[in-house]
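The values are calculated or read from the model by the stated rules, or taken from the named source; none is laboratory data. Source: prediction; values computed, not measured. Reconstructed Cβ throughout: ideal geometry from the backbone, glycine too, with neighbour counts over all protein chains shown. SASA here: full protein model, heavy atoms, side chains in, ligands and nucleic acids out. Shrake-Rupley method; radii C 1.70, N 1.55, O 1.52, S 1.80 Å.
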2 protein chains.
Amino acid sequence: MIWDMARAPTTLDSFNAVAEPRRRQVLGLLSEGELPVNEIVDSLGWNQPQVSKHLGVLLEVGLVKVRHAGRQRFYSLDAAPLKEIHDWTATFEHFWQHQLDRIKERAESKQALARSRGNVPPGGLSAS
Amino acid sequence: MIWDMARAPTTLDSFNAVAEPRRRQVLGLLSEGELPVNEIVDSLGWNQPQVSKHLGVLLEVGLVKVRHAGRQRFYSLDAAPLKEIHDWTATFEHFWQHQLDRIKERAESKQALARSRGNVPPGGLSAS
DNA sequence: ATATCATATACCGATATTGGAATACATCCA
DNA sequence: TGGATGTATTCCAATATCGGTATATGATAT
């Protein structure tokens, strides 16, 4: 029998690449501008090989670009692939909005009930 | 030496849960409404244990809810956790927008150049 | 009680990831 | 040429995944 891959490689797409919290941290850092590996290492306080490896994954899925300059390598953000994730989640946007609405409605009706019973007003502190 | 987890479990958060394409498919299907496992199996054409396992992961990260009804289990979408992903990607939204702008500008300037040389107009077919 | 239907769980093999340490590679400088 | 600096790659152990098959649990009906 032929065995499939256990789990999609992190380099398959941005969904997988970005599932790793550390990689999200790197992207956040790079959103402030291009940085050489060394500064990422200092900024995040990880060891250098780990930084390089995470950058490698991000590079492979196209979330970062590299610019070689002497013995330094400047990495910069390329957020375009994140759009796919953004678009996909946007598909569900109205669900959580409706849910928040329902939660808010419930909270408000509860407060209204409390008010009608002579309790504290919404958002107010008890008399002091 | 103590060894850390190799890779974050899929049940750690919605980022990891949703990295798996199959799980995204399930969520898409459930966005049309509550469904019993059996119908998900039929709809997607996977075998039943696999469907149950994916639902288990989604359940654990709070992306679906279950309603027990006799021997059936109705799963429904709970998209709220996707908001975190949406919000995170939104952080980068202006990056890809700028990039698209730049691409568009480049394309337009190229077309303008072509027009000035007497080539076909933008979006138009050649004279026929 | 027993058979049937709906779903969950356990087991297995293959895979590939993660962090850490050591090392290779590549570039610059003296 | 040789040393120092910046970065990538290799090796390792532990872990958890995914799909498939078989089996267990749970509820209903006869």
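Please verify whether B:S52 is of a type outside the set (D, E, K, R), open to solvent by 40 Å² or more (accessible area, probe 1.4 Å) and over 23 Å from A:P9 (Cα atoms), treating the condition exactly as stated. Considered against the rule, which asks whether it is of a type outside the set (D, E, K, R), open to solvent by 40 Å² or more (accessible area, probe 1.4 Å) and over 23 Å from A:P9 (Cα atoms), B:S52 comes out as no. Restricting attention to segment A:20-40, the residues being of a type in the set (D, E) and closer than 18 Å to A:E60 by Cβ number 1. When segment B:70-87 is examined, which residues are found to be free of Cβ contacts under 8 Å to residues at least 60 places away in the same chain, over 16 Å from B:R23 (Cα atoms) and more than 15 Å from DNA strand D (Cβ to nearest atom)? Hits for segment B:70-87 are B:K83, B:H86, B:D87. Residues in segment A:19-48 that are of a type in the set (A, V, I, L, M, F, W, C) and within 10 Å of DNA strand C (Cβ to nearest atom): A:A19, A:W46. Step by step: first the residues of segment B:6-21, then only those that are open to solvent by 50 Å² or more (accessible area, probe 1.4 Å) and facing chain A (nearest Cβ under 9 Å), then the one that is farthest from A:R7 (Cα to Cα). Which residue is that? Among those residues, the one meeting the criterion is B:L12. If you go through segment A:22-69 and keep only what is within 11 Å of DNA strand D (Cβ to nearest atom), within 14 Å of another protein chain (Cβ to nearest Cβ) and farther than 17 Å from B:F95 by Cα, you end up with A:N47, A:Q50, A:K53, A:H54, A:V57.
A:K83 meets each of the listed conditions (1) open to solvent by 50 Å² or more (accessible area, probe 1.4 Å); (2) at positive phi; (3) at pLDDT 95 or above apart from (2).
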